[in-house]
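The values are calculated or read from the model by the stated rules, or taken from the named source; none is laboratory data. Every value quoted in this text rests on a predicted model; they were computed, and no experiment measured them. Don't worry about glycine lacking a Cβ; one is built from the backbone with ideal geometry, like all the others, and counts go over all protein chains shown.
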Amino acid sequence: MPVIAVVGPTGSGKSDLAASLALELDGEVINADSMQFYRGMDIGTAKVTGAERRGVPHHLLDILDVTGEASVSDFQQQARARIADIHGRGRRAILAGGSGLYVRAALDVLEFPGTDPAIRHRLETELAAAGPAPLLARLETVDPVSAGRLGDARRVIRALEVFELTGRPFSSFMPTREYFQPTVQIGLSVDRELLRERLAARVHAMVARGLLAEVRQLDAAGLRLGRTAPRALGYAQFLKVLDGESDEAQAVEETIVATRQFARRQLTWFRGDPRIHWLDWQDPELVTKAAALCSPGADAA
């Protein structure tokens with residue numbers, strides 16, 4: 001049986017379609033939204049509620065504290081183990097999420113180089129002492145492809161760490177479009193203007209449900225100590241409200257803008273994959289058409 005993946009921009013209805021397919025095809029859902037790994041980050045990530053799961057088992061939700069750091073390589077191992085287990089029980093594995101690299105890590109042939117804390121610490125010390133420019137210059141020498149693509153200091157450090165560890169440029173580890181096992185990817189094609197409106201309405205609904213209180217509670221639990229969780233959409237903006245650097249109305253507007261920008265980046269990422277079958281997110285026969293694509297051997301690579 002092919003793995004099923006439901007992808008697309010935030011707010012397009014991936015979680016709902018995944019649950020519907022699971023009910024239709026006797027399946028189970030595996031989360032591939034990296035921010036939904038975190039316990040307590042429920043409102044701001046639009047995490048599927050118990051009612052929205054409709055009795056369907058959901059995997060890889062709430063697996064990290066907010067002080068932890070999501071790892072693509074760890075996710076790859078965990079997602080593939082869940083896929084093997086679900087298929088081994090004769091059920092269908094349905095991956096759902098909009099974190100593009102995490103989706104590809106689960107589905108594609110993708111190798112992750114190891115890490116070395118000593119190398120990482122030395123590079124971070126260099127960054128603190130001299131800033132990012134010397135590190136970026138060094139990366140341009142050994143891996144110009146990555147240097148031209150990475151602007152974030154953490155990623156520059158990672159690329160240099162990989163080169164020192166393996167002798168290979170970090171760019172050589174980038175994924176190819178080759179499935180790890182037979183897969184059907186279903187993308188939700190959206191009306192962009194309608195999506196913009198939906199995303200704004202969703203942020204307002206999150207605030208009404210208590211997003212600020214959720215951020216306050218997570219802040220007390222160490223949210224700022226994490227490397228990934230405090231940068232999540234909504235959480236970063238509402239932490240500034242707690243600090244008195246912003247007010248709620250400004251945080252709402254900034255979250256809406258950031259969410260719309262994120263959705264555009266997701267669309268660009270997924271549109272670049274020619275293997276995805278795109279279906280209209282508002283098609284009344286969406287579930288039926290998606291299920292037809294998922295029958296064993298139905299155009300799976």
(message) Looking at segment 123-144 only, could you name the residues that are in a helix (DSSP H, G or I) and surrounded by 15 or more Cβ atoms within 10 Å (Cβ to Cβ)?
(response) Leu123, Glu124, Glu126, Leu127, Pro132, Leu135, Leu136, Arg138, Leu139, Val142
(message) Between Thr166, Thr176, which is surrounded by fewer than 16 Cβ atoms within 10 Å (Cβ to Cβ) and more than 26 Å from the chain's Cα centre (by Cα)?
(response) Thr166
(message) Checking the conditions here, which among Ala221, Ala229, Ala236 is touching a strand residue (DSSP E or B) at 6+ places or on another chain (Cβ under 8 Å), in the same structural domain as Asp62 (by TED's automatic domain parsing) and closer than 17 Å to Met35 by Cβ?
(response) Ala229
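Scan segment 220-246 for residues that are assigned to a loop (DSSP other than H, G, I, E, B) and either without any contact (Cβ under 8 Å) to a residue 24 or more places away in the chain or in contact with a Cys (Cβ under 6 Å, 6 or more places away or on another chain) (or both) and jot them down.
Kept after step one, since they are assigned to a loop (DSSP other than H, G, I, E, B), are these residues of segment 220-246: 221-222, 226-228, 232-234, 243-246.
The answer is Asp243, Gly244, Glu245, Ser246.
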(request) Evaluate the following for Arg260: is it under 25 Å from Ala5 (Cα atoms), among the basic types (Lys, Arg) and touching a residue at least 60 places away in the same chain (Cβ under 8 Å)? (result) yes
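Can we say Met1 is closer than 25 Å to Leu223 by Cβ and touching a residue at least 60 places away in the same chain (Cβ under 8 Å)?
no
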(request) Please find, among Met35, Met41, the residue that is within 18 Å of Val203 (Cβ to Cβ), in contact (Cβ under 8 Å) with a residue 24 or more places away in the chain and not in a loop (DSSP other than H, G, I, E, B). (result) Met35
(request) Please go through segment 57-97 and pick out each residue that is touching a strand residue (DSSP E or B) at 6+ places or on another chain (Cβ under 8 Å), closer than 22 Å to Leu110 by Cα and of a type in the set (Gly, Ala, Ser). (result) Ala70, Ala79, Ala93, Ala96, Gly97
(request) Only one of these is part of a helix (DSSP H, G or I) and either modelled with pLDDT of 95 or more or of a type in the set (A, V, I, L, M, F, W, C) (or both): Gln181, Gln217. Name it. (result) Gln217
